[in-house]
1. Evaluate segment 127-141: report whether one residue or more is surrounded by fewer than 17 Cβ atoms within 10 Å (Cβ to Cβ), at pLDDT 85 or above and in contact with a strand residue (DSSP E or B) (Cβ under 7 Å, 6 or more places away or on another chain).
2. Filter segment 110-130 for residues that are in a strand (DSSP E or B) and either over 19 Å from the mean Cα position of the chain (by Cα) or within 11 Å of Val85 (Cα to Cα) (or both) and give the result.
3. Just to check your reading of the model, which residue among Gly117, Gly197, Gly158 is among the small types (Gly, Ala, Ser), modelled with pLDDT of 85 or more and open to solvent by 70 Å² or more (accessible area, probe 1.4 Å)?
4. Looking at segment 66-109, which of its residues are under 13 Å from the mean Cα position of the chain (by Cα), loosely packed, with under 14 Cβ neighbours inside 10 Å and either at pLDDT below 80 or polar (S, T, N, Q) (or both)?
5. Can you say whether Gly106 is on the phi > 0 side of the Ramachandran plot, free of Cβ contacts under 8 Å to residues at least 12 places away in the same chain and part of a helix (DSSP H, G or I), as far as the supplied structure shows?
6. Residues being at pLDDT below 85 and within 14 Å of Ile130 (Cα to Cα): count how many of those fall in segment 161-186.
Amino acid sequence: CCLMLAIKYYKNWYVKQRRSEQLGRENVQAELQLLKAQVHPHFLFNTLNNIYSFVLSGDSRAAGLVEKLAGMINYMRTEGENLVVLLEKEIMLIKDYVGLEKVRYGDRLDLKVDINGEYQNKLIAPLLMIPFVENCFKHGASIMRGNQWIHLAINVNGNELDFILGNSKPLNPPVQKNQKNIGLTNVKKRLQLLYPGKHS
């Protein structure tokens with residue numbers, strides 16, 4: 001009788017444990033989807049603003065920018081919903097975004113992009129690096145007068161990725177009203193959920 005009660009107790013405990021683990025995984029996935037959903041409007045709003053300025057000025061390059069943006073939206077709609085994507089596709093997304101911004105700033109911006117290492121056939125969670133690139137432009141080149149610089153380096157060594165991004169923003173710039181840094185806050189939360197103990 002005691003043995004049967006012990007087996008029943010263990011079975012119930014095991015079922016509850018599995019249910020709790022599944023619920024935890026579902027909660028993590030739900031939170032990740034919410035955080036990714038918050039990235040999309042932020043990303044799209046900034047990019048559409050860039051294209052809008054070209055349309056207003058009658059610049060013929062606007063059509064090409066719209067085509068590039070359409071490809072980026074399609075990527076976010078399809079690949080962006082996956083748990084992991086090819087790193088080379090994420091890098092291409094960054095290159096396209098940087099290309100849109102480079103056209104906007106022209107000679108006023110000294111832009112350097114260096115990508116090194118074997119990044120083909122590597123997997124990464126989608127849309128982790130793009131918020132940093134957005135912020136580099138949004139809180140640097142777009143609000144500072146005169147010539148600006150942005151330097152981006154991505155180095156891949158085995159399964160380790162170093163993402164180094166810098167700009168000419170002053171160390172103590174004037175504080176903008178209602179500045180919330182939603183993009184970076186979301187990235188920190190996603191990194192904690194996706195790569196706990198494996199990122200800095």
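The values are calculated or read from the model by the stated rules, or taken from the named source; none is laboratory data. Because the structure is a prediction, the values reported are computed rather than measured. Glycine also receives a Cβ, built like all others from the backbone with ideal geometry; neighbour counts cover every protein chain displayed. What goes into the accessible areas is simple: the full protein's heavy atoms, side chains included, and nothing from ligands, DNA or RNA. Shrake-Rupley method; radii C 1.70, N 1.55, O 1.52, S 1.80 Å.
1. yes
2. Listed by number, the residues that qualify are Asp110, Leu111, Lys112, Asn116, Gly117, Leu123, Ile124.
3. Gly197
4. Glu81
5. Judged against the criteria, Gly106 is a match.
6. 6
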